Amino acid sequence: MTIMHKLKSELGRQAMSRIKYEKFVPDLENGPGSAKRAGEVARRLGITKTLIVTDKILVDIGLVGPINNALQNAGTQTVIFDGVLPDPTVAQIEDGAEFYIANGCDGIIAIGGGSAMDCAKMIGAVVSNNKPPAAFAGAFKVRKRIPALIAVPTTHGTGSEVTFAAVVSDPVAQRKLLVSDFKIVPRVAILDPELLTGLPPAISAATGMDALTHAVESYLSPWATSYSLEKSRSAVKGVFDFILRAYHDGESDLEAREGMLLASFNAGIGISCGAVGYVHAIAHTLGYNYHTPHGVANAMILPHVLRFYGDAAAPRLAELARLVGLSTTGNSDEDLARLFIDRICEMQREMHMPTTVQGLRADRVDDMATIALQEAHGERHSMLFRFGEFMMDTGYPTIKHMTHGECARIVRHCVAPPSSKL
Ligand SMILES: NC(=O)c1ccc[n+]([C@@H]2O[C@H](COP(=O)([O-])OP(=O)(O)OC[C@H]3O[C@@H](n4cnc5c(N)ncnc54)[C@H](O)[C@@H]3O)[C@@H](O)[C@H]2O)c1
Ligand SMILES: [Fe+2]
């Protein structure tokens, strides 16, 4: 399996190294009040009737109304689909697609976190290609580009506004489906920190840690390019500079919110080139099975996976430690890597983040590890032994191979009562 993993990783690296992600990065509008430019943006994209994809909470707290007005004032008609729930399902996407068609829309704006943005991407894939959401699971299965999509993130974590991925929960398959295709990348991303002043501290912490996980996993990735490495570094620095400020003073500290939005955007570019790794594979598994919020699960797993990498990650983590100012002269790479991981744990403690998964029992650990490694090693599709699937489903690029036993040990840390301290 190690050889297979290496082979797939190398195939993926060769494919990714030929792709210039710069070409796919959405146009960026940012700064306080930038969401009010949504109308101009829609007009520029030629949208005459916009489907607003969002959730009820965001409508109720008044985030959607002003953007809706801005769109209408610019001459685009709008209809609101507010049926998104955290971790959108196939059914929500189908409802949204029906709504889009019934209302004769020709463009989409997503207002919300990763759930709303992913739901919008998938609604776009369904209406453009006339196929059910599950048909796009895997890599490069979206034949026709989605309609013009404007992404307005209201959390600072997923980077979905810039990535070519969407994550969909499929209750039939009992797992999250990952859809990756350049044809679902939004055309414009609007990063407006004013939309995030009401983001509760716990969600600020969780989504910020998701961004950090993207930045770190992509920085360690064998697929990373010089372009993405720079973006990942910038994202790590942004999170270290701003996450605690966004957590403690997010209601008024617009600079911190903007810094986190940019970090999340840059980390999104990082994973678009370098992909994610074992942290995400385990976090997706726990998220699907126990409804652990995505960022919380990533935060919980990240330190354990970084420790598991040990020497393999030390030089790169030492670079990040120096970048965020943790270096003191004379420290070895191993010392610096340890300082970097410890600092992540300190930030998580300061933000009162959970270290265990509610409901996870010790007798489920082995199953969780099996599912996580199937995702990480690209075995889901390849298990079907279709050569095309095998070529595309390369799994995640990682600097060290993880065995089932090693993965189970990490998952076991998440069983309550805490069996380890961070
Ligand atoms: N496409 C990608 O590249 C990518 C990457 C990572 C994760 N994801 C996916 O994104 C989803 C998670 O997204 P998320 O972490 O952004 O959370 P989310 O979109 O699920 O939102 C979490 C909660 O926060 C609330 N919320 C959002 N913005 C708010 C605001 N400004 N004020 C108050 N409340 C607000 C929402 O109503 C929701 O209840 C998962 O499904 C995950 O798998 C996608
Ligand atoms: Fe993530």
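Of Asp95, Asp87, all but one fail to be within 15 Å of ligand 1 (Cβ to nearest atom), surrounded by fewer than 24 Cβ atoms within 10 Å (Cβ to Cβ) and within 30 Å of Ala202 (Cβ to Cβ); the exception is Asp87. Among the residues of the range 200-219, those identified as over 12 Å from the mean Cα position of the chain (by Cα) and more than 17 Å from Glu319 (Cβ to Cβ) are Pro200, Pro201, Ala202, Ile203, Ser204, Ala205. Condition check for Pro153 on (1) within 14 Å of ligand 2 (Cβ to nearest atom); (2) open to solvent by 10 Å² or more (accessible area, probe 1.4 Å): one failure, at (2). For the range 142-189, the set of residues classified as assigned to a strand (DSSP E or B) and away from ligand 1 (no atom under 13 Å from the Cβ) consists of Ile150, Val188, listed by residue number. Answer yes or no as to whether Gly104 is among the small types (Gly, Ala, Ser) and within 16 Å of ligand 2 (Cβ to nearest atom). Considered against the rule, which asks whether it is among the small types (Gly, Ala, Ser) and within 16 Å of ligand 2 (Cβ to nearest atom), Gly104 comes out as no. Annotation note: of Ala102, Ala134, the sole residue that is without any contact (Cβ under 8 Å) to a residue 40 or more places away in the chain, farther than 29 Å from Gly31 by Cα and of a type outside the set (S, T, N, Q) is Ala102. The set of residues in the range 293-303 being surrounded by fewer than 24 Cβ atoms within 10 Å (Cβ to Cβ) and either modelled with pLDDT of 95 or more or assigned by TED's automatic domain parsing to the domain that holds Thr89 (or both) consists of Pro303 alone.
Filtered by the rule that a residue be open to solvent by 10 Å² or more (accessible area, probe 1.4 Å) and either of a type outside the set (Phe, Trp, Tyr) or touching a Lys or Arg at 6+ places or on another chain (Cβ under 6 Å) (or both), the range 220-237 gives Leu220, Pro222, Trp223, Ala224, Thr225, Ser226, Leu229, Glu230, Lys231, Arg233, Ser234, Lys237.
The values are calculated or read from the model by the stated rules, or taken from the named source; none is laboratory data. Quick caveat: nothing in here was measured; it's all calculated off a predicted structure. No Cβ is skipped: glycine too gets one built from the backbone with ideal geometry, and neighbour counts run over all protein chains shown. All accessible areas refer to the heavy atoms of the entire protein, side chains included, with ligands and DNA or RNA removed. Shrake-Rupley method; radii C 1.70, N 1.55, O 1.52, S 1.80 Å.
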